[in-house]
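First up is the structure itself, then whatever we jot down about it.
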Amino acid sequence: MITYRKFVTPIYLLNMTVQALVSLASPIGIGVFSAWLLDKYTEVGPWIYVVLIVLGVLLGLYSMISFILKASRAIEALEKQHKEAMAAASKTKEEEGGSEDNE
């Protein structure tokens, strides 16, 4: 007998949250590090921090939203696949039960 599996568990939600936060923070961190390098080794000026941090925030938001949308599509696909498997299993079970009645 096939039983229903939960696709969204607390550990899965924690994993998704951590991955979303990392995808948000990574471009910001890269922007801050790049701004520090440019400020230290060139004579660009401290205004580069503002430019690269804002760019990092925008890219981080885009990355996080893209990740969340892809993860939600993957869960929907798993649920659809599970429903199709359940329907096929119940159909097979009905056919097997029907053949026993005919004998």
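The values are calculated or read from the model by the stated rules, or taken from the named source; none is laboratory data. Everything quoted here is computed from the prediction, not taken from an experiment. Ideal geometry is used to build each Cβ from the backbone, glycine not excepted, and the neighbour counts take in all protein chains shown.
Are any residues in region 42-56 surrounded by 12 or more Cβ atoms within 10 Å (Cβ to Cβ) and not aromatic (F, W, Y), and if so, which ones? The answer is V44, I48, V51, L52, I53, V54, L55, G56.
Yes or no, residue by residue, for (1) out of contact with any Lys or Arg (no Cβ under 8 Å at 6 or more places or on another chain); (2) surrounded by 14 or more Cβ atoms within 10 Å (Cβ to Cβ); (3) more than 21 Å from V18 (Cα to Cα):
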position: G31; (1), (2), (3): yes, yes, no
position: W36; (1), (2), (3): yes, no, yes
position: K40; (1), (2), (3): yes, no, yes
position: L58; (1), (2), (3): yes, no, no
position: L61; (1), (2), (3): yes, yes, no
position: I68; (1), (2), (3): yes, yes, no
position: R73; (1), (2), (3): yes, no, no
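Is at least one residue of region 90-98 at pLDDT below 85, part of a helix (DSSP H, G or I), surrounded by fewer than 11 Cβ atoms within 10 Å (Cβ to Cβ) and within 18 Å of the chain's Cα centre (by Cα)? No: zero hits.
Evaluation of T3 against the conditions (1) modelled with pLDDT under 90; (2) assigned to a helix (DSSP H, G or I); (3) of a type in the set (S, T, N, Q) shows that the sole unmet condition is (2).
Across region 42-56, the number of residues qualifying as closer than 29 Å to M16 by Cα and in a loop (DSSP other than H, G, I, E, B) comes to 0.
The set of residues in region 6-45 being farther than 22 Å from E79 by Cα and basic (K, R) consists of K40 alone. When G45 is tested against the conditions (1) at pLDDT below 95; (2) in contact with a Pro (Cβ under 9 Å, 6 or more places away or on another chain), the lone failure is (2).
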